[in-house]
Ligand SMILES: Cc1ncc(COP(=O)(O)O)c(C=O)c1O
């Protein structure tokens, strides 16, 4: 049996996969089992933030593997303390809860918001406003939070307590706010929803209402966070800091990890026994996280991300087959004139390039340390496909 046959026989078929068996990767390139090379413009959906097997990251992870691979949260580790301190210092948050994925980070954010409100105001102030076209994960609570009907199938009953507001519609927001609301949860740039950026006016109105009514802002920065947009957090572009920010994807450079950051109001919201995760704050993941954060915060790194992003955008915008380029930094959505995004992604694989899609757009989430020459080689392929 070859790998694809074996895979399809034994692994639950819950994904549509391309017929490509990945074998190894180095830098921004990976190789399949037939030794074909691919330039990576997807980073495993924004997760391999430093590309494949970055040597500083690999050294940090491997040395931790040889030292202490897991520790229950009954005890302390220096590596978790170091990462927590660094993350809080760089983002300006007061405390962090570590978990293992984006959906779990959002579950944590939802629980924290409800507990904050319960502790202060009692029952019946538990509703969370989420936006149409959002995506917050695949667990029952995060699916319920996700503002897309296409995700509200099969698994009934979904959870109560989520109210959808039209994205970028201040009137709808004002109409739906009442005394039952404890939080508003947003993605500054909706990734899965099609790389759509929230307007400054809408974000300002959210923060104004939340400040006035002691409603918490939850920023889902799972896709936008940790340098993806050219700033450590995308909220910085709006001049905002949410009460709670959820992170995952690129945070540990490809090791499963999620994190929930808490600001002043909520920094002590969980007390012993109210939330937990066996693997949360795993030492290997924290070692990976330390290596990623050190690199992203090193001098000039984020300036480079912005320079590269500009180069991507300038070249793409020149193509007559591109209607518009959305997103911020290295979170790039390409609206196409004639081609179908899924056809482009499949064709790109044949030509040695990995890209993503989001709704009708081609989506690029390249490794943050991609080099200009690699950007140009990948864009030559992509633009050729679009204009071919
Ligand atoms: C904005 C956002 N939130 C949550 C998630 C869920 O993350 P995970 O797949 O790690 O559970 C994703 C994943 O794509 C995401 O983009």
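The values are calculated or read from the model by the stated rules, or taken from the named source; none is laboratory data. Being a predicted model, the structure only gives us computed values, none of them experimental. Methodologically, a virtual Cβ is constructed for each residue, glycine included, from the backbone with ideal geometry; neighbour enumeration extends over all protein chains shown.
Residues of region 143-172 that are out of contact with any strand residue (DSSP E or B) (no Cβ under 9 Å at 6 or more places or on another chain) and either in contact (Cβ under 8 Å) with a residue 24 or more places away in the chain or under 23 Å from residue 207 (Cα atoms) (or both): 170, 171. Here residue 253 meets the list (1) within 26 Å of residue 151 (Cα to Cα); (2) away from the ligand (no atom under 12 Å from the Cβ) almost entirely, failing just condition (1). Per the conditions (1) more than 16 Å from the ligand (Cβ to nearest atom); (2) at positive phi; (3) surrounded by 24 or more Cβ atoms within 10 Å (Cβ to Cβ), the sole criterion not satisfied by residue 214 is (3). For residue 55, the criteria (1) surrounded by fewer than 22 Cβ atoms within 10 Å (Cβ to Cβ); (2) within 30 Å of residue 382 (Cα to Cα); (3) in contact (Cβ under 8 Å) with a residue 12 or more places away in the chain hold in every case but one, which is (3).
In the set 233, 261, only one residue is in contact with a helix residue (DSSP H, G or I) (Cβ under 9 Å, 6 or more places away or on another chain), at pLDDT 95 or above and more than 22 Å from residue 116 (Cα to Cα); that residue is 233.
In the set 227, 273, 280, which member is without any contact (Cβ under 8 Å) to a residue 24 or more places away in the chain and either in a loop (DSSP other than H, G, I, E, B) or within 16 Å of the ligand (Cβ to nearest atom) (or both)?
The match here is 273.
Screening the candidates 264, 221 for the property of being within 16 Å of the ligand (Cβ to nearest atom), touching a residue at least 24 places away in the same chain (Cβ under 8 Å) and under 30 Å from residue 122 (Cα atoms) yields one hit, 221.
If I filter region 105-128 for residues that are surrounded by fewer than 22 Cβ atoms within 10 Å (Cβ to Cβ), within 16 Å of the ligand (Cβ to nearest atom) and farther than 18 Å from residue 243 by Cα, do I get at least one hit? No.
Checking each residue in region 159-171 for being buried (at least 17 other Cβ atoms within 10 Å of the Cβ) and closer than 18 Å to residue 188 by Cβ picks out 164, 165, 167, 168, 170.
May I ask you to say which residue of 319, 246 is assigned by TED's automatic domain parsing to the domain that holds residue 334, touching a residue at least 60 places away in the same chain (Cβ under 8 Å) and either within 16 Å of the ligand (Cβ to nearest atom) or not in a helix (DSSP H, G or I) (or both)? Talk me through it step by step, then tell me what you get.
Working: 246 fails: assigned by TED's automatic domain parsing to the domain that holds residue 334.
Step by step, each of 319, 246 is checked, and only 319 is assigned by TED's automatic domain parsing to the domain that holds residue 334, touching a residue at least 60 places away in the same chain (Cβ under 8 Å) and either within 16 Å of the ligand (Cβ to nearest atom) or not in a helix (DSSP H, G or I) (or both).
Can you name every residue in region 300-316 that is in contact with a strand residue (DSSP E or B) (Cβ under 8 Å, 6 or more places away or on another chain) and without any contact (Cβ under 8 Å) to a residue 40 or more places away in the chain?
The first filter runs over region 300-316 and keeps only residues in contact with a strand residue (DSSP E or B) (Cβ under 8 Å, 6 or more places away or on another chain), leaving 309, 312-313, 316.
Listed by number, the list holds a single entry, 313.
Suppose the filter is under 22 Å from the mean Cα position of the chain (by Cα), over 17 Å from residue 46 (Cβ atoms) and in a strand (DSSP E or B); does residue 335 pass it? Answer is yes for this residue. Checking each residue in region 69-87 for being farther than 17 Å from residue 277 by Cα and touching a strand residue (DSSP E or B) at 6+ places or on another chain (Cβ under 7 Å) picks out only 87. Out of all the residues in region 310-327, is one or more crowded, with 24+ Cβ neighbours inside 10 Å and within 18 Å of the chain's Cα centre (by Cα)? Checking region 310-327: at least one residue is crowded, with 24+ Cβ neighbours inside 10 Å and within 18 Å of the chain's Cα centre (by Cα). Within region 169-182, does at least one residue satisfy the condition of being within 28 Å of residue 358 (Cα to Cα), assigned by TED's automatic domain parsing to the domain that holds residue 242, at pLDDT 95 or above and within 16 Å of the ligand (Cβ to nearest atom)? Checked region 169-182: no residue is within 28 Å of residue 358 (Cα to Cα), assigned by TED's automatic domain parsing to the domain that holds residue 242, at pLDDT 95 or above and within 16 Å of the ligand (Cβ to nearest atom). Could you check region 328-346 and list, in sequence order, the residues that are free of Cβ contacts under 8 Å to residues at least 60 places away in the same chain, touching a helix residue (DSSP H, G or I) at 6+ places or on another chain (Cβ under 9 Å) and surrounded by 19 or more Cβ atoms within 10 Å (Cβ to Cβ)? Correct list: 334, 344. With respect to residue 211, determine if the residue is assigned to a helix (DSSP H, G or I) and not assigned by TED's automatic domain parsing to the domain that holds residue 331. It is true that residue 211 is assigned to a helix (DSSP H, G or I) and not assigned by TED's automatic domain parsing to the domain that holds residue 331.
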